[in-house]
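Contents: one structure, followed by commentary.
The values are calculated or read from the model by the stated rules, or taken from the named source; none is laboratory data. Please read these numbers as outputs of a predicted model, since none were measured by experiment. All Cβ positions, glycine included, derive from the backbone under ideal geometry; neighbour counts span all protein chains shown.
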Amino acid sequence: MKEKLQAIRDEAISKLEAAKDLESLNEIKVAILGKKGDLTQVLKGMKDVAPEDRPKVGQLVNDTRTAIEEKMETVRKDILKKIREEKMKAEVIDVTLPGTRKMKGHRHPNQIALEDLERVFIGMGYEIVEGPEVEYDHYNFELLNIPANHPAKDEQDTFYITKDILLRTQTSPVQARVMETGKMPIRIIAPGRVFRSDEVDATHSPSFHQVEGLVVDKNITFADLKGTLEQFAREFFGPDTKIKLRPHHFPFTEPSAEVDVSCFKCGGKGCRMCKGSGWIEILGCGMVHPKVLKDCGIDPEEYSGFAFGIGLERVALLKYEIDDMRLLYENDMRFLNQF
């Protein structure tokens, strides 16, 4: 047994000294120390050794394994050292050459538009508030005067998680949550991501961004709403921008209106961007419905308010003259580098 172990040791060390790379080193390790290796087979034969000789044989086996493993580690370090030296020779750096310029990131066009928009409303004394993207039906619909049988609650338009929990379809639930606190006066904007079951095309996406605005105080009138939107349009699109309000219907506002701005490219004369009309639709708005105020715990006899909702992607497309909303999400560097 002693001679057999010595033979295994000598053969292993001889093979290790001849190893040139890590792959051949690993093959030797498997052949000697693996499950079916030579030394392992010796250990399996220990059952045939006389009981009084097993301690001595066991010690010989352990000494042989230790000697092989130490040699293997020495050879492995030598191989790694040679690999590193060869790599260093191949990667000589000429410090006189100009360095590689790193590309710097910058804000996304959506983020630029949002910061511009927030700057306008912060300047008018508004506070920025946020809310959960996974919302309760109670806040997303019921408190906003959208009853159970309303078409807006159809599953074709809304991503439901359970019967009462959904991905918010607008950021108006943030307004409901703020009104529910009862702290007056309220002057907020609520930017955030919203979700609707839309097909992806040049002007629609199942996930997009909205900025909802809300003002609630005593003696708030439709004239205050109109003045606020005029100020926003002038600061965001240019000082010569005019607005036009058209009657519309929203469940949570009464009266309601859709707002157009005069085309900032042609000045209202008619062009490709405004489709020849001289006006571009940008948002919906209205006076907060008395029922919404009452359901949120605000006395509609004492307080009134207005609300508006701006599609962030829509104003970004208009502001930067982008004709396809999908460009905002495709991460094409040729497009993003323009901003």
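Residues in the stretch 171-188: is at least one within 20 Å of the chain's Cα centre (by Cα) and assigned by TED's automatic domain parsing to the domain that holds residue 283? Quick ask: steps written out before the conclusion?
Pass one, the stretch 171-188, residues within 20 Å of the chain's Cα centre (by Cα): 171.
Still in the list and also assigned by TED's automatic domain parsing to the domain that holds residue 283: 171.
Yes, the stretch 171-188 contains at least one residue that is within 20 Å of the chain's Cα centre (by Cα) and assigned by TED's automatic domain parsing to the domain that holds residue 283.
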Count of residues meeting criterion [surrounded by fewer than 19 Cβ atoms within 10 Å (Cβ to Cβ) and part of a strand (DSSP E or B)] in the stretch 196-228 = 2
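Would you check which residues across the stretch 256-290 are touching a Pro at 6+ places or on another chain (Cβ under 7 Å) and free of Cβ contacts under 8 Å to residues at least 40 places away in the same chain and list them? Outline the logic, then answer.
Going through the stretch 256-290, the residues touching a Pro at 6+ places or on another chain (Cβ under 7 Å) turn out to be 257, 286-287, 290.
Correct list: 257, 290.
Out of the residues in the stretch 291-303 that are in contact (Cβ under 8 Å) with a residue 24 or more places away in the chain and farther than 14 Å from residue 176 by Cα, state the one that is nearest to the chain's Cα centre (by Cα). Don't jump to the end; show me each part of the working.
First, the residues of the stretch 291-303 that are in contact (Cβ under 8 Å) with a residue 24 or more places away in the chain: 291-293, 295-298, 302-303.
This time we only want the ones that are farther than 14 Å from residue 176 by Cα, so: 302-303.
On the way: 302: 42, 303: 39 Å.
Selected residue: 303.
Being part of a strand (DSSP E or B) and under 23 Å from residue 151 (Cα atoms) is the filter here; which residues of the stretch 163-195 pass it?
Just the residues of the stretch 163-195 that are part of a strand (DSSP E or B), to begin with: 165-167, 186-195.
Matches in the stretch 163-195: 165, 166, 167, 193, 194, 195.
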Picking from 181, 171, the residue that is buried (at least 20 other Cβ atoms within 10 Å of the Cβ) and among the hydroxyl-bearing types (Ser, Thr, Tyr) would be 171
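Mind checking which residues of the stretch 64-95 are over 17 Å from residue 22 (Cβ atoms) and in contact (Cβ under 8 Å) with a residue 40 or more places away in the chain? Give the steps one after another, and end with the answer.
Filtering the stretch 64-95 down to residues over 17 Å from residue 22 (Cβ atoms) leaves 64-67, 70, 88-95.
Matches in the stretch 64-95: 64, 67.
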Just give me the residues in the stretch 103-131 being outside any helix (DSSP H, G or I), at pLDDT 90 or above and loosely packed, with under 14 Cβ neighbours inside 10 Å, in sequence order.
-> 125, 127, 128, 130
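Being within 16 Å of residue 202 (Cβ to Cβ) and free of Cβ contacts under 8 Å to residues at least 60 places away in the same chain is the filter here; which residues of the stretch 318-339 pass it? First the steps, then the outcome.
Of all residues in the stretch 318-339, those within 16 Å of residue 202 (Cβ to Cβ) come to 318, 320-330, 332, 335.
Correct list: 321, 327, 330, 332, 335.
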Using the structure shown, decide if residue 258 is assigned to a strand (DSSP E or B) and in the same structural domain as residue 241 (by TED's automatic domain parsing).
-> yes
May I ask you to list the residues in the stretch 231-241 that are in contact (Cβ under 8 Å) with a residue 24 or more places away in the chain and surrounded by fewer than 17 Cβ atoms within 10 Å (Cβ to Cβ)?
-> 231, 238, 240
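Within the stretch 269-324, take every residue that is hydroxyl-bearing (Ser, Thr, Tyr) and farther than 18 Å from residue 256 by Cβ and give me the one that is surrounded by the most Cβ atoms within 10 Å (Cβ to Cβ). Quick ask: steps written out before the conclusion?
Keep residues of the stretch 269-324 that are hydroxyl-bearing (Ser, Thr, Tyr), which gives 277, 303-304, 320.
Then keep just the ones that are farther than 18 Å from residue 256 by Cβ; that gives 277, 303, 320.
Values: 277: 12, 303: 19, 320: 14.
Only one residue tops the list, namely 303.
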Checking residue 181 against (1) touching a residue at least 12 places away in the same chain (Cβ under 8 Å); (2) over 28 Å from residue 322 (Cα atoms); (3) not hydrophobic (A, V, I, L, M, F, W, C), the condition it does not meet = (1)
All but one of (1) surrounded by 12 or more Cβ atoms within 10 Å (Cβ to Cβ); (2) modelled with pLDDT of 70 or more; (3) farther than 30 Å from residue 84 by Cβ hold for residue 3, so report the exception by its number.
-> (1)
Take residue 315 and decide whether it is in a helix (DSSP H, G or I), modelled with pLDDT of 85 or more, within 17 Å of residue 107 (Cβ to Cβ) and in the same structural domain as residue 272 (by TED's automatic domain parsing).
-> yes
